[in-house]
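See structure below.
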Amino acid sequence: MSKALIIIDMLNDFLREDGALSIGDSEQVIRNVASRLNEWRSQGYPVIYIMDRHLPGDAEFQMFPQHCLAGEYGGEVVEELAPQKGDFLIYKRRYSAFYGTDLDLTLRELGITDLELAGVCTQICVLYTAADARMRNYTVTVHKDCVASFDQQAHQFALHEMEKTLGVKVI
């Protein structure tokens with residue numbers, strides 16, 4: 001069994017108070033993800049960063065404010081969780097980290113079967129990445145304290161949906 005930590009959208013536009021789609025108080029989720037990140041790195045498992053990266057005029061901006069533009073500060077990983085040499089960086093333009101990216105190919109080349117997802121927003125990018133991972137027969141785990149959202153009701157719904165419908169192990 002080989003596993004990887006997938007860090008989803010832990011970016012300035014989501015986690016900083018002045019971010020375009022700030023979740024609000026993000027200090028605790030950053031600390032929690034940093035703790036998991038340190039544990040994974042100490043064990044030598046792969047870490048894969050998934051990063052929202054949009055072009056101006058992206059269709060998603062019809063639903064959400066402009067955010068995470070390519071080359072802009074808002075689309076960078078928060079400094080507390082900065083990628084290190086050997087980490088994988090995968091950019092996405094849609095909710096699922098699998099859609100239109102080489103995530104699945106990367107995981108298969110690494111022999112990964114088990115994923116742990118961490119990041120934001122629970123009911124959007126985390127949920128849809130979990131769904132696509134399960135459709136591809138990956139085993140998926142989510143630590144409740146390592147995901148967050150700007151909408152607590154939707155956050156709780158997504159955790160329930162991941163566990164009860166998708167078979168994600170929610171801890």
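If we keep just the residues of segment 5-35 that are of a type in the set (Gly, Ala, Ser) and touching a residue at least 24 places away in the same chain (Cβ under 8 Å), which is surrounded by the fewest Cβ atoms within 10 Å (Cβ to Cβ)? Break it down stepwise before answering.
Taking segment 5-35 first, the residues of a type in the set (Gly, Ala, Ser) are 19-20, 22, 24, 26, 34-35.
Narrowing the set further to residues that are touching a residue at least 24 places away in the same chain (Cβ under 8 Å) leaves 19-20, 22, 24, 26, 34.
Working: Gly19: 20, Ala20: 19, Ser22: 17, Gly24: 11, Ser26: 21, Ala34: 16.
Restricting to residues being of a type in the set (Gly, Ala, Ser) and touching a residue at least 24 places away in the same chain (Cβ under 8 Å), the top hit is Gly24.
Annotation note: of Gln62, Gln28, Gln43, Gln84, the sole residue that is closer than 18 Å to Lys144 by Cα and polar (S, T, N, Q) is Gln28. Within the set Thr122, Thr141, Thr106, Thr129, the sole residue that is among the polar types (S, T, N, Q), modelled with pLDDT of 95 or more and within 16 Å of Ser26 (Cβ to Cβ) turns out to be Thr122.
Under 16 Å from Asp132 (Cα atoms) and among the aromatic types (Phe, Trp, Tyr): which single residue out of Tyr73, Tyr99 fits that description? Show your work before the answer.
Details: Tyr73 fails: under 16 Å from Asp132 (Cα atoms).
Being under 16 Å from Asp132 (Cα atoms) and among the aromatic types (Phe, Trp, Tyr) holds for just one of Tyr73, Tyr99, which is Tyr99.
In segment 83-105, the residue that is farthest from Trp40 (Cα to Cα) out of those that are surrounded by fewer than 16 Cβ atoms within 10 Å (Cβ to Cβ) and in contact with a Pro (Cβ under 9 Å, 6 or more places away or on another chain) is Leu89. For segment 115-171, the set of residues classified as more than 16 Å from Phe98 (Cα to Cα), surrounded by fewer than 21 Cβ atoms within 10 Å (Cβ to Cβ) and either within 12 Å of the chain's Cα centre (by Cα) or touching a residue at least 60 places away in the same chain (Cβ under 8 Å) (or both) consists of His143, Asp145, Phe150, listed by residue number.
The values are calculated or read from the model by the stated rules, or taken from the named source; none is laboratory data. Fair warning: this is a prediction, and the values are worked out from it, not measured in the lab. Backbone-built Cβ (ideal geometry, glycine too); neighbour counts: all protein chains shown.
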